[in-house]
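Below is one structure; the comments refer to it alone.
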Amino acid sequence: MFETPVGKVLGGSPSRLEAGIRAWKAQPVDWDRMNEAQAMPSPRMQTTIERPVKVSGRGTFFGKSIRMLSLCPTDMEGWWFERADLPDSLPVRCSIHNVWTTGNVVSNIVLRSGSPHNYIRMAEHMISLRMGTGIDNLLIRLDSGDPPLFNRGSNDLVEALKSAGVRKTSRPQPYVTVRERVTVANGRGGFLTLAPADPARPMLAVDAAVDFPTAIGRQRIRFAVDPATFAYGATARTNTSAMKMLWCKTVGLLFADIRNLGYSFENLLIAGRLGYWNKPQLQHEGKSLEAVWHRATLDLLAAIALIDEGFFLGEIISYKSGHGLDVEMVQHLYQESLLTPVAAPAG
């Protein structure tokens, strides 16, 4: 697994891609957890939560406001958002068809359906949980399009879902994979590759690597997605450079969308060129892997959660990718009919 980093190239510069492949091959794996990997369980029924739960925190884009999320059971298939402050708007499904933008100064996945007011920003920190918590169907009610930014990544949401219990539905859970190995590349040497699931041992396996010109530096992990591993990675905070943080707190004050950001030294990992401005977490053998865990679990898997035909199984290699490239890949999967059903092994 992970021996072949590139498949059919769906987008990007071939020369940049070649450079990225060389860099990826040269980057060591800091933590390989594939020895813990297990095949997906026997074919199962879809699940929702047993009872509603609420979670609150300071807003991501309006940090002075307290935002409330209500996680609710639903008979609808998939993950959905409902804006309580827009009673005339329909729920927004977690789907590639509803991606509005991936942001500019603040990179994030924004979902929208119908009215331009019916949007949900920073959706990735919520929808990624669809891939790692075992909850297939969920309705998230928000009091605005601005969700909370927590001090422990998305761990507050993971714990809330655990406390809500699990209820099986009468619908079988469909699984999908990609028909062939495919790759998209960006202009910075980054690339994203998806490969078909192994029919004899289907799972969702991830090789994720980052390379930042800051104290974060080069980080790389490998793992199979399961609830325990996901819960570990979901504690990782989003990260930013010290220069961008300084810009947001100075020049950014001129812009309404920036001066109200809820960013703090508690809910962000802030990296200078030579060191961190606050304490990094998720240490492994003396090295913080917080940035790559956030990238792998709460960013990358959020894009995979946008596949609404079923739960995706297969192999993912991500090197210096981001929201834009992740979403581009999923768009290609639909535009070129690259998804196909796959069966979980019989018990």
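The values are calculated or read from the model by the stated rules, or taken from the named source; none is laboratory data. As the structure is a prediction and not an experimental result, all values here were calculated from the model. Every residue, glycine as well, gets a Cβ built from its backbone with ideal geometry; the counts of neighbours run over all protein chains shown.
Points to keep in mind about this one:
- Whenever a residue of region 320-332 is over 19 Å from residue 16 (Cα atoms), its partners that are in a helix (DSSP H, G or I), lying with C-beta atoms within less than 8 angstrom and at least six residues away or across chains, give the pairs 327/96; 327/303; 330/96; 330/303; 330/304; 331/96.
- Among the residues examined, residue 130 qualifies as within 19 Å of residue 311 (Cβ to Cβ), basic (Lys, Arg) and modelled with pLDDT of 95 or more.
- Of all the criteria given as (1) more than 27 Å from residue 325 (Cβ to Cβ); (2) more than 18 Å from the chain's Cα centre (by Cα); (3) surrounded by fewer than 20 Cβ atoms within 10 Å (Cβ to Cβ), the one not satisfied by residue 67 is (3).
- Any chance residue 104 is over 30 Å from residue 258 (Cα atoms) and either at pLDDT below 95 or part of a helix (DSSP H, G or I) (or both): no
- Residue satisfying all of: in region 12-40; farther than 22 Å from residue 313 by Cα and of a type in the set (Lys, Arg); modelled with the lowest pLDDT among these: 16
- Residue in region 122-140 that is assigned to a strand (DSSP E or B), in contact (Cβ under 8 Å) with a residue 60 or more places away in the chain and closer than 18 Å to residue 231 by Cβ present: yes
- Note on region 219-261: among residues that are part of a helix (DSSP H, G or I), buried (at least 17 other Cβ atoms within 10 Å of the Cβ) and among the β-branched types (Val, Ile, Thr), the one that is farthest from the chain's Cα centre (by Cα) is 258.
- Matching entry among 184, 206, 158, 225 (being over 19 Å from residue 290 (Cβ atoms), hydrophobic (A, V, I, L, M, F, W, C) and modelled with pLDDT of 95 or more): 184
- Single unsatisfied condition, residue 24 versus (1) over 23 Å from the mean Cα position of the chain (by Cα); (2) in the same structural domain as residue 226 (by TED's automatic domain parsing): (1)
- When we screen 36, 77, 50, 82 for residues that are loosely packed, with under 14 Cβ neighbours inside 10 Å and outside the structural domain of residue 326 (by TED's automatic domain parsing), the only hit is 50.
- Test result for residue 315, within 18 Å of residue 98 (Cα to Cα) and not basic (Lys, Arg): no
- Answer residue from region 108-148, given it is hydroxyl-bearing (Ser, Thr, Tyr) and out of contact with any Asp or Glu (no Cβ under 9 Å at 6 or more places or on another chain) and is surrounded by the fewest Cβ atoms within 10 Å (Cβ to Cβ) among those: 113
- Which listed residue is out of contact with any Asp or Glu (no Cβ under 6 Å at 6 or more places or on another chain) and within 30 Å of residue 342 (Cβ to Cβ), from 82, 36: 36
- Residues of region 197-218 that are over 20 Å from the mean Cα position of the chain (by Cα) and either among the hydroxyl-bearing types (Ser, Thr, Tyr) or not in a loop (DSSP other than H, G, I, E, B) (or both): 214 alone.
- Every residue from region 23-33 that is outside any loop (DSSP other than H, G, I, E, B) and surrounded by 11 or more Cβ atoms within 10 Å (Cβ to Cβ): 23, 24, 31, 32
- Residue 326 fulfils the conditions (1) acidic (Asp, Glu); (2) outside any helix (DSSP H, G or I); (3) closer than 21 Å to residue 2 by Cβ except for a single criterion, (2).
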